[in-house]
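The values are calculated or read from the model by the stated rules, or taken from the named source; none is laboratory data. None of the values given here were measured: they were computed from a predicted structure. Note: ideal-geometry Cβ built from the backbone for every residue, glycine included; neighbour counts use all protein chains shown. The protein model used for the area step is the full one, side chains on, heavy atoms only, and it has no ligands, DNA or RNA in it. Shrake-Rupley method; radii C 1.70, N 1.55, O 1.52, S 1.80 Å.
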Amino acid sequence: MRILFAALACLLSFTAQAGVKIEHWLAPSGARVYFVENHDLPILDVEVDFSAGSAYDPSGKAGLAGLTAALLDAGAGDLDEEAIAAQLVDLGAKLSGVREPDRAGLVLRTLAYPKEREAALALLQLVLTRPSFPENVVTREKARSIAAIQEADTRPDAIAAKRFAAAIYPDHPYGVKATVESVGSLTRDDLTAFYRSHYSARRAVVSIIGDVTRAEAERIAQALTEALPAGQAEQPLPPVSQPTAATIKVAHPAAQSHIHIGLPAVKRGDPDYFPLLVGNYSLGGGGFVSRLMKEVREKRGYAYSVHSYFSPRKLEGPFDIGLQTKREQAEDALKVANDVLAGFLKDGPTKAELAAAKKNLIDGLGLRIDSNAKLLGYLSVIGFFDLPLTYLDDFPASVGAVTAQQVREAFARHVRPEHLMTVIVAAD
Amino acid sequence: MQKTLMFAALLLAGSAAFSVSANPYETRLANGLRVIVKEDHRAPTAVHMVWYRAGSMDEKDGYSGVAHMLEHMMFKGTQKVAGGEFSRIVAETGGRDNAFTSHDYTAYFQIVPNTALPQMMALEADRMANLRLTQQDFASELKVVMEERRLRTEDNPQSLVWEMLNGTAWLAHPYRRPVIGWMDDLEHMTWQDARDWYQSWYAPNNAYLLVVGDVDHAKVFSDAARTYGKIKPRALPVRKPQNEPEQTGVKRVAVKAPAKLPYLALAWKVPRLQDVDQDQEPYALSVLAAVLDGNDAARFARRLVREQKIAQSAGAGYEEIVRGESLFVLDGQPAEGRTVAELETALRGELTRIAEEGVAEEELARIKTQLIASQVYKRDSMMAQAMEIGRFEAAGFSWRDYDKVLDKMRAVTAAEVQAVAKKYFGPDSDDRLTIAVLDPQPIDESQPRKKSGGAARHPAQ
């Protein structure tokens, strides 16, 4: 395959199309609800997210948020994990998890025929409101989680991602990852307590798209959230501080060095987001038309995959330039990437680059929301991060209005070289 | 996509999805190019793909990786369109493009607003016939492909196990070669090798065009005739059967690589689908794979991971829609404190159990429900619909066969599943079995692995 798409980079293509009607209301439970009615296919997608991501892990208990979210369907009410799994499968429904730094939750995809839909929603309600976190399952899944951590700690890509997060977020929950020790210390009581305090309706955002009416969606959202725990008021996350520029080298026997360059950059809803999005397209977000791809890969053959992205979060989310290259040429490749970044910070995009970026982002809008599954992703982000309901409609104008000067200024504010961290795994 | 390149054919379980909607339209141009259009008017999108029936299985020894290398070179420009222009034009429409290579085929696609489709057809037709291949572009792109191999294979222990598994299971059959190519073959590949590949296989009579989206099929047909229709057909190289000689006895191999968890893969040679109407066993094998690992309630997850806690992970896969040969694969990682030997016994024990006790009607019903639901869900993705047509056609079947295949899958009985479990995995099954094991090595942080030999041989790069 010619291009390896970076998953995070895809999250960034945050776009929409005029004509998608998003309805929003507050359920009587207190949960915020976002809804797009669409009867093209007999499918219903429902996502329920909570302010319960890994950033909310208590000190020393990294991994608690993730394990809590993962075990919601490991037993609930009178049903054990086998019964829940079997019932979902028998309905043709799929239940998957959301586990991010800011949010955690569940996504249900079900057939929209009344019988399947109601039964699947009843199961979703049960696992959201009455998870039992059975002791034996907690013990087993802790062991599997620890094994997965130990395995990841041998892989250069995983090590690089972990060390990069720690480097750009020193002393902040965004930089803390689960360890063998932290997961080992978790107890069933920890999970139950985390669930009770974080899985409340007030911290919940329900996103619904598909073959139901507004009235049905109102009933569904309320039913899913009315029996959630009372929970605790949301404590703000500690502020993000900027690190002091440094290079961290990690020994590893891999054939390739894995390199990240970046820093904490931008929050969701920051007015600089559009200039950063448009600018990053030319820098390293736009596949083969980006400067990083041209200089690192096309001209020099240094890497198969090279990219840059901004991943906005509740607080300053990362800016990340990533590449992998034969370890003997890591210093050369790193220099090229740094030179490309420095040049972009200095001069910003050319007129042609700016025009190309806008054209792709605006004209590609329809493609990025041409299915219910894609639209659900955007709907849930708009809801969770409290972006304007008109975000989709405004997108072309927001992108279209960006000037080269705005790009330069936004990059100057958010990507300051004195804070740039570099991580090289498998460095010589 | 990563899996598509490397070994999707083995990993995608038998939960193959088949279309229920009936609208694909098909025509054939005078030069032999087949054109298949599936109209889907939900959104103003068009998926445009060209598939060539030329994959790594068509390569010869010493030239492994050339099919994939040519895929990369197809973006380097033509006599009319400068290098990089193609992707730039696609990006300008708002769309994206990419390509992928497998054992069986090489495919190129663009996902664009439907108004840009005629332009995509003109560009793709142009590079079907007029690729400009230069030594300089080749040399630079070859480095990229070597980096791709380091990323996907050299530094990925499970990929190394799969490479070893295929290389061991097949002696004569070309599936023994990795799609991305051996590093040594890449080091000795020349731009003329890529050119020869292009001139041998890139012809309208060895390709088919797929369009899925908000389009008018009659317009697509006429645009295809106007663009692709101008390209002359060509006599194709002879394809030798390269049939695998009979295996006698189990094959066991080990791979040492830096890792924490061991990994185990067992692969049995089993029949592929050849005759949609007459065959029966491939459908039963496909259902067997799904009983083991087709859903969250399937046996491996339930019994081996959750109940017995023998496996950290466990999977089963069988791809019956292939040009070459099929393997039935079980794989997994032992749970903490368990050994590879215990896991092997447990994985095989599940097959034995089905051979002896059969499967429950409830399990079969579950798999059929999943098949039906997946048909509905697939309609939410134009790309998924295009991939399904492409996959069938690549293996020599027609999109017209899906409904039949779906019916056949739904008609599989518990007795048929039990019969294939007995026949192919019983006491004599060692004669079709290959076992590959990852032997995890502690990380020696001070020593780069010797495996990256490419660097040592060409330090000037």
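Rolling a 1.4 Å probe across the protein heavy atoms gives chain B an accessible surface of 37 Å² per residue. Taking Cα centre as origin and charging only the Cβ of basic (Lys, Arg, +1) and acidic (Asp, Glu, -1) residues, the dipole magnitude of region A:351-428 rounds to 180 debye. Straightening the chain between A:GLU409 and A:GLU135 buys 93.3 nm, computed as 0.36 nm per residue apart minus the Cα-Cα spacing.
Placing +1 on the Cβ of every Lys and Arg and -1 on the Cβ of every Asp and Glu, with nothing else charged, gives region A:246-425 a dipole about its Cα centre of roughly 300 debye. Between the chain alone and the structure with every protein chain in place, find the residues of region A:141-169 that drop at least 40 Å² of accessible area; heavy atoms, 1.4 Å probe. At a threshold of 40 Å² (probe 1.4 Å), the residues of region A:141-169 that become less exposed are A:ARG144, A:ALA147, A:GLN150, A:GLU151, A:THR154. Averaged over the residues of peptide B:398-408, the number of Cβ atoms from other protein chains lying within 10 Å of each residue's Cβ is 0. Could you please report the charge total around A:LEU64, scoring K, R as +1 and D, E as -1 over all other residues with beta-carbon less than 14 angstrom from its beta-carbon? Net charge around A:LEU64: +1. B:HIS103 exposes around 20 Å² of accessible area when a 1.4 Å probe is run over every protein chain in place.
Pairs exceeding 28 Å between alpha-carbon atoms, taken from A:LYS177/A:LYS249; B:LYS230/B:LYS378; B:LYS230/B:LYS404; A:LYS142/B:LYS422; A:LYS358/B:LYS80: B:LYS230/B:LYS378; B:LYS230/B:LYS404; A:LYS142/B:LYS422. Think of the protein assembly as shown as having a plus end and a minus end, set by charges on the Cβ of Lys, Arg, Asp and Glu; of A:VAL415, A:VAL425, B:VAL50, A:VAL415 sits farthest toward the positive end of this dipole.
Let a ≥ b ≥ c be the square roots of the eigenvalues of the Cα gyration tensor of the protein assembly as shown; is it rounded (a/c under 1.5), or, if not, prolate (a/b larger than b/c) or oblate? Verdict is rounded for the protein assembly as shown. Excluding the site residues themselves, the longest part of chain B lacking any trypsin sites (Lys or Arg not before Pro) in a DSSP loop with at most 13 other Cβ atoms within 10 Å is B:240-449.
Here A:LYS61 is the anchor, and the aspartates and glutamates within straight C-alpha reach of less than 18 Å, apart from those fewer than 8 places off in the same chain, are A:GLU100, A:ASP102, A:GLU135, A:GLU141, A:ASP171, A:GLU181, A:ASP189, A:ASP190. The residue list B:VAL420, B:ALA91, A:THR129 was ranked by how far each Cα lies along the charge dipole of the protein assembly as shown toward its positive end, using unit charges on Cβ atoms, and B:ALA91 comes out on top.
Counting, for every residue in A:314-325, the Cβ atoms of other protein chains within 10 Å of its Cβ and taking the mean gives 1.
Here A:LYS326 is the anchor, and the aspartates and glutamates within straight C-alpha reach of less than 13 Å, apart from those fewer than 8 places off in the same chain, are A:ASP428, B:GLU147, B:GLU148, B:GLU154, B:ASP155. Post the alpha-carbon centroid distance, region B:198-235 to region B:122-141, in whole angstrom. That distance is 18 Å. Within the shell of other residues whose beta carbon sits under 13 angstrom from the beta carbon of B:THR248, the net charge comes to -2, with Lys and Arg scored +1 and Asp and Glu -1. Counting Lys and Arg as +1 and Asp and Glu as -1, each charge on the Cβ, what is the dipole of chain B about the Cα centre in debye, to the nearest 20? Approximately 720 debye in magnitude. Rolling a 1.4 angstrom probe over the protein heavy atoms with all chains in place gives region A:118-216 an accessible area of 38 Å² per residue.
The distance between label points at B:GLN308 and B:LYS60 comes to 4.8 nm (points 7 Å beyond Cα on the Cα→Cβ vector). Among the protein heavy atoms of the protein assembly as shown, carbon and sulfur supply 53% of the accessible surface, probe 1.4 Å, non-protein parts ignored. Total accessible area buried between chains B and A, 1.4 Å probe, in Å² to the nearest 100? Roughly 5900 Å². Once the mean of 1/r is taken over each pair of separate Cα atoms and inverted, region A:291-411 shows a Kirkwood hydrodynamic radius of 16.7 Å.
Accessible-area loss of 20 Å² or more (1.4 Å probe, protein heavy atoms, chain alone versus all protein chains) is found in region A:252-267 for A:HIS252, A:PRO253, A:ALA255, A:GLN256. Rolling a 1.4 Å probe over the heavy atoms of the protein chains gives region A:246-425 an accessible area of 32 Å² per residue. If you wrap chain A in the convex hull of its Cα atoms and look at it from every side, the mean projected area works out to 20.1 nm². The mean number of Cβ atoms from other chains found within 10 Å of a Cβ in peptide B:294-302 is 4, as a whole number. Residues of region B:154-195 that bury at least 40 Å² of accessible area when the other protein chains are present, relative to the chain alone (probe 1.4 Å, heavy atoms, ligands and nucleic acids excluded): B:ASP155. Between region A:354-428 and region A:46-61, what's the alpha-carbon centroid distance in Å? Using only Cα atoms, the two centres lie 24 Å from each other.
Region A:258-306 and region B:368-432 have Cα centres spaced 41 Å apart.
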